[in-house]
Amino acid sequence: MASAVASFVVMFMSMVAITLLLRRRGILGEGAKPIVSTILLDIIAPALIFGSVSGAHPSAQHIEAAGVVFSSEIIIAFIAFAIGRYLIGLDRALLGVFIIATTFSSTGLIGNALIQILFKGNQDLISKSVIISQFGVGIPANTLGIFLAIRFGSGDAQTPILQHLKKTLTVPCMYALYAGLLWSFLGLPKSGYGLEALFGTCTLVSASLPFVSAMVVGMSLEKFRFRDDSYVLLSAVIISLLIQPALVIGLTNILNLDQNTRVIAQLFSAMPATPLAAVFAVKYGGDASLASKIITTTLLVSTITLPLVALIG
């Protein structure tokens, strides 16, 4: 398990390094960031959500596991808000990025791929992991995460919260969620009548998520010294890689979940910060540089904490 985790971390960092090389050669300029971010949020993420949710048939165990992960995210969001605002004193744009990056993990990138390696050949467990990741992390990140990004990144503290909520509920990711839930509820087929092409397209488009996310991180990353943002980065590591996994380990051990479901939920909670934090920051006016610093730092530290979570859980 430790080697699998380390391999995926190296893979993602390699993709970030490729992006940095393209930046250095002048192929990817500053103007590419909003374009790539829009492609990711308005095309790739909706394709992933619709393709996954439309065929989901979650059991009680799946819902419980996803609920545990989501509950931990709500708790972590409040902790991050309190620490970021009252202890560190972050301004509005920085605070929003700090909350999003510490609350939501990169389950869709590293988590699902890691599960595929750990449970190779066990399609039932792999499908279960997709359901838990989407309902526990993916959907909240693409809904609540977008809401937080809009709310804190707008630069307008006077805008009514209902207006931000309305904007959140009408983004492409939400339309994909509505369509996917309706498709699943009605029990509509995923084959025949040319539907293979539709869902095949969703699968192919979704497969680009890791690299495109790494591109956004790489385009947002600037040289930085850890000590310049040491309080913020150390707080992010403690909150996202220590406190949140501890919450999920405690809750999953209390509930009567089977071992594999428990392991999946615990590993998902211990993933590094989602690269979507940088994507949201670029698109909605947050601090993309801080987002990339938190993503990179938690990614590196997770090579140590992930195996520990697997052992403790």
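The values are calculated or read from the model by the stated rules, or taken from the named source; none is laboratory data. As the structure is a prediction and not an experimental result, all values here were calculated from the model. In this analysis, Cβ positions are derived from the backbone assuming ideal geometry, glycine residues included, and neighbour counts consider all displayed protein chains.
Tabulated values for the structure
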{"item": "Residue in region 45-56 that is loosely packed, with under 15 Cβ neighbours inside 10 Å and of a type outside the set (D, E, K, R) present", "result": "no"}
{"item": "Tabulated pairs, region 75-101, first under 22 Å from Val137 (Cα atoms), second aromatic (Phe, Trp, Tyr) and at pLDDT below 95, C-beta under 7 angstrom, 6+ apart or interchain", "result": "Leu95/Phe152; Gly96/Phe152; Ile100/Phe280"}
{"item": "Check on Leu195, free of Cβ contacts under 8 Å to residues at least 60 places away in the same chain and not polar (S, T, N, Q)", "result": "yes"}
{"item": "Only one of Ala197, Ala176, Ala236 that is farther than 29 Å from Leu90 by Cα, buried (at least 17 other Cβ atoms within 10 Å of the Cβ) and small (Gly, Ala, Ser)", "result": "Ala176"}
{"item": "Top-ranked residue in region 85-96 [being within 20 Å of the chain's Cα centre (by Cα) and surrounded by fewer than 24 Cβ atoms within 10 Å (Cβ to Cβ); ranked as modelled with the lowest pLDDT]", "result": "Ala93"}
{"item": "Qualifying position, being part of a helix (DSSP H, G or I) and surrounded by fewer than 18 Cβ atoms within 10 Å (Cβ to Cβ), among Ile63, Ile99, Ile76", "result": "Ile63"}
{"item": "Checklist (1) of a type in the set (A, V, I, L, M, F, W, C); (2) in contact with a strand residue (DSSP E or B) (Cβ under 6 Å, 6 or more places away or on another chain); (3) over 21 Å from Phe70 (Cβ atoms) applied to Met271, failing item", "result": "(3)"}
{"item": "Failed item, numbered, when Val130 is tested on (1) at pLDDT 95 or above; (2) among the β-branched types (Val, Ile, Thr); (3) within 29 Å of Phe185 (Cβ to Cβ)", "result": "(1)"}
{"item": "Subset of region 210-240 (residues that are touching a residue at least 60 places away in the same chain (Cβ under 8 Å) and either among the β-branched types (Val, Ile, Thr) or touching a strand residue (DSSP E or B) at 6+ places or on another chain (Cβ under 9 Å) (or both))", "result": "Val212, Val216, Val217, Val232, Ala236, Val237, Ile239, Ser240"}
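The rows are residues; the columns are (1) among the charged types (D, E, K, R); (2) part of a helix (DSSP H, G or I); (3) more than 19 Å from the chain's Cα centre (by Cα).
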{"residue": "Phe185", "(1), (2), (3)": "no, yes, yes"}
{"residue": "Leu188", "(1), (2), (3)": "no, no, yes"}
{"residue": "Tyr193", "(1), (2), (3)": "no, no, yes"}
{"residue": "Ala197", "(1), (2), (3)": "no, yes, yes"}
{"residue": "Val205", "(1), (2), (3)": "no, yes, no"}
{"residue": "Val212", "(1), (2), (3)": "no, yes, no"}
{"residue": "Phe224", "(1), (2), (3)": "no, no, yes"}
{"residue": "Asp229", "(1), (2), (3)": "yes, yes, yes"}
